[in-house]
Amino acid sequence: MNKIIKLVPFDDFQLYVEYSDGLNGKINFSKMLKRKEYKSLNNLEEFRKVRIDNKTKDIIWECGVTMCKNATRNMLILMNEVKSLKLPINL
């Protein structure tokens, strides 16, 4: 199974995620932050407190918000497919 090896938060609420097999990309959280479960990440200082959970290997924030490593991986795969097909979709 591919593991997340790098996380880099950006000031525009994007998160760069890199997997051990080389899959990588930025995920834009600005739309997700409108959802109730991500509300605590609206604070940029909290958003920057991201790390890889030692046990589950999921993406977690200090405030308790988690993002499944598999869901994140699928998002990146989809985003890369959209780009390669040059589809006019903004993810």
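Bear in mind that the values in this text are calculations on the coordinates, not laboratory data. Just so we're clear, the structure is a prediction, and the values are computed from it rather than from any experiment. FYI the Cβ positions are ideal-geometry reconstructions off the backbone, even for glycines, and counts take in every protein chain you see.
By the beta-carbon count within 10 Å of each Cβ, the least crowded to most crowded order of Glu37, Glu18, fewest first, is Glu37, Glu18.
For the chain, lysine pairs with C-alpha atoms less than 15 angstrom apart, excluding pairs fewer than eight positions apart on the same chain, total 13.
Charge dipole of the chain (Cα centre as origin; +1 on each Lys and Arg Cβ, -1 on each Asp and Glu Cβ, all else neutral): 180 debye, rounded to the nearest 20.
Sort Met32, Met1 so the one with the fewest other Cβ atoms within 10 Å of its own Cβ comes first.
Going from least to most buried by this count: Met1, Met32.
Dipole of the chain computed with +1 at Lys/Arg Cβ and -1 at Asp/Glu Cβ about the Cα centre; of Tyr38, Gln14, Leu87, farthest Cα towards the positive end is Leu87. Rounded to the nearest 20 debye, the dipole size of region 7-52 about its Cα centre is 300 debye, using +1 on the Cβ of Lys and Arg and -1 on the Cβ of Asp and Glu.
For the chain, the Cα gyration tensor yields ellipsoid semi-axes of 21, 17, 11 Å (square root of five times each eigenvalue, largest first, whole Å).
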